[in-house]
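The values are calculated or read from the model by the stated rules, or taken from the named source; none is laboratory data. Remember, predicted model here, so these are calculated numbers, not experimental data. All Cβ positions, glycine included, derive from the backbone under ideal geometry; neighbour counts span all protein chains shown. With ligands, DNA and RNA removed, areas are computed over all heavy atoms of the protein, side chains included. Shrake-Rupley method; radii C 1.70, N 1.55, O 1.52, S 1.80 Å.
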Amino acid sequence: MVSLSKNQTISLSKEASLLNQLRFGLGWDPLKKKKGFLGGLMGGGSDSIDLDAGCVLLDNSGKTIDTIWFSRLKSSCGSVVHQGDNLTGEGDGDDEVITVDLTRLPSQVEYLAFTVNSFRGQTFNDVDNAFCRVVDQSRKELARYQLTEQGSHTGIIIASLARKGGNWDFTAHGKASTGRTIDDMHADIVATVVR
């Protein structure tokens, strides 16, 4: 497993000899706030954080082919599937998972952009331990990106997958965006992912 830093790219094809299916796990925790008497008066304690994972399929010019998120869980071609919405961020491991069947992905798809955003408008100042990881069909974790930045933004282009001939490159972005939905983030997604 490779631990990536911001803007680092690795070839997934070099990490796994045969890539057919990938799982993109996204996780986060609510930031633990101060407890005690004053913390209680000031809204302390651990609140739930409802973040939404999404995936945009793009062609080589940045045109959207399909968008997958909590209100549309499966791509038209059936190759990208969102496993469901987590409303709290509570618990260990992946909070939301998007699976990609690379063998069924349309040939015009050059990029898959993975995003996390807050439809409710909660900011990343309230988020802790956010990460993205890639797991292959044998359940081997190929790469992980731990997001360390916080801020008043409501969305992040966390990572992308790019087709390079017959190979796939995975890039950790960690690019902040003000979008509360994946559609609001479209211009930032294209500017960040399409090279």
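Under 7 Å between Cβ atoms, which residue pairs at least 6 apart in sequence (or on different chains) link something in region 162-175 that is among the basic types (Lys, Arg) with a partner that is part of a loop (DSSP other than H, G, I, E, B) and open to solvent by 10 Å² or more (accessible area, probe 1.4 Å)? The qualifying pairs are Arg163/Glu110. Restricting region 90-102 to residues that are at pLDDT below 95 and open to solvent by 10 Å² or more (accessible area, probe 1.4 Å), the residue that is nearest to the chain's Cα centre (by Cα) is Val97. Filtered by the rule that a residue be part of a loop (DSSP other than H, G, I, E, B), at pLDDT 90 or above and closer than 15 Å to Leu31 by Cβ, region 124-153 gives Gly151, Ser152, His153.
Assessment of region 52-67 against the conditions (small (Gly, Ala, Ser), in a strand (DSSP E or B) and in contact with a helix residue (DSSP H, G or I) (Cβ under 6 Å, 6 or more places away or on another chain)) yields no matching residue. In this entry, Ile157 is excluded by the filter for residues that are of a type outside the set (Lys, Arg) and not in a strand (DSSP E or B). Restricting region 103-123 to residues that are more than 17 Å from the chain's Cα centre (by Cα) and among the hydroxyl-bearing types (Ser, Thr, Tyr) leaves a set whose member that is modelled with the lowest pLDDT is Thr103. Restricting region 8-27 to residues that are part of a loop (DSSP other than H, G, I, E, B) and open to solvent by less than 60 Å² (accessible area, probe 1.4 Å), the residue that is modelled with the lowest pLDDT is Ala16. For region 41-80, give me each residue that is surrounded by fewer than 17 Cβ atoms within 10 Å (Cβ to Cβ) and modelled with pLDDT of 90 or more. Result: Asp59, Asn60, Ser61, Lys63, Thr64, Arg72, Leu73, Lys74, Ser76, Cys77, Gly78. Per the listing Arg163, Arg144, Arg133, the residue uniquely under 18 Å from Asp95 (Cα atoms) and out of contact with any Phe, Trp or Tyr (no Cβ under 7 Å at 6 or more places or on another chain) is Arg133. Applying the criterion of being part of a loop (DSSP other than H, G, I, E, B) and of a type in the set (Val, Ile, Thr) to the residues of region 103-123, the residue that is most open to solvent (accessible area, probe 1.4 Å) is Thr103. Taking the criterion of being part of a loop (DSSP other than H, G, I, E, B) and open to solvent by less than 10 Å² (accessible area, probe 1.4 Å), the residues of region 160-195 that qualify are Gly179, Ile182, Met185.
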